[in-house]
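Asker: If you scroll down you'll find the structure; I have some questions about it.
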């Protein structure tokens, strides 16, 4: 079977990080976090990394053109080509999803699916409050979740319109959720 190429989505506190570890362990694909890819490009002093560093140093957000280029460069590397990829934190918008589709097409690949780990807002709020981080105030959590919904609803619609979205119940033990994720992956690749 071809290497797995998927996107993982989920609200903050949904267990996305844990499930990403489980998926990469089970399927052998590369976990590509956009934050990690951005830091690696900056550390490697690539042309896109230098541009990103200048923008970040000025306190601005890195735009789609640079982020798409960094993702393109990383997806073209041999380890991802051979093992597949789990994208975490990218795409964040429907425009980025379209760019991802074009990048994979240029590389001769296609996306298998996007798994959305669905955990109710009340549950993720409780999980984040239980972490006890200083920036996890009720107001801050509510604002982050509202922003996530605003940004991600069109993205979920984009994947759904292409038959690529699998929504998985994220309530339960990590192992129970992982069983659901694996079932979704297997259906998406059938």
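Asker: With each run of n ≥ 4 DSSP H residues scored as -39500 (n - 2.57), what mean residue ellipticity at 222 nm is computed for the chain after dividing by its residue count and rounding to the nearest 500 deg cm²/dmol?
Answerer: It comes out at -19000 deg cm²/dmol, rounded to the nearest 500.
Asker: Separate question: What length, rounded to one decimal in nm, is gained on full extension from residue 135 through to residue 105, with 0.36 nm per residue of separation minus their alpha-carbon distance?
Answerer: The span from residue 135 to residue 105 would gain 6.8 nm if fully extended.
Asker: Kindly put 9, 100 in sequence by how many other C-beta atoms sit within 10 Å of each C-beta, fewest to most.
Answerer: 100, 9
Asker: Next question, about the same structure. When only Cα pairs under 8 Å and 6 or more residues apart are kept, what is the percent relative contact order across segment 4-185?
Answerer: It rounds to 32 percent for segment 4-185.
Asker: With the chain treated as a Gaussian network of Cα nodes joined by springs under 10 Å, which of 63, 163, 49 yields the largest mean-square fluctuation?
Answerer: Greatest mean-square fluctuation among the candidates belongs to 63.
Asker: Between residue 186 and residue 171, what is the label-to-label distance in nm when each label sits 7 Å out along the Cα-to-Cβ direction?
Answerer: 2.5
Asker: How are the Cα pair distances of segment 4-185 distributed, in percent, across 10 Å bins from 0?
Answerer: 9, 35, 38, 18, 1
Asker: Based on the alpha carbons, how large is the Rg to Rh ratio for segment 2-109 when Rh follows Kirkwood?
Answerer: 0.96
Asker: Obtain the nm distance between the two label points defined at residue 160 and residue 57 by a simple spin-label model: each point lies 7 Å from its Cα along the Cα-to-C-beta direction.
Answerer: Distance between label points: 4.4 nm.
FYI, it's all coordinate maths here, none of it is from the lab. These numbers come from a predicted model, not from an experiment. All Cβ positions, glycine included, derive from the backbone under ideal geometry; neighbour counts span all protein chains shown.
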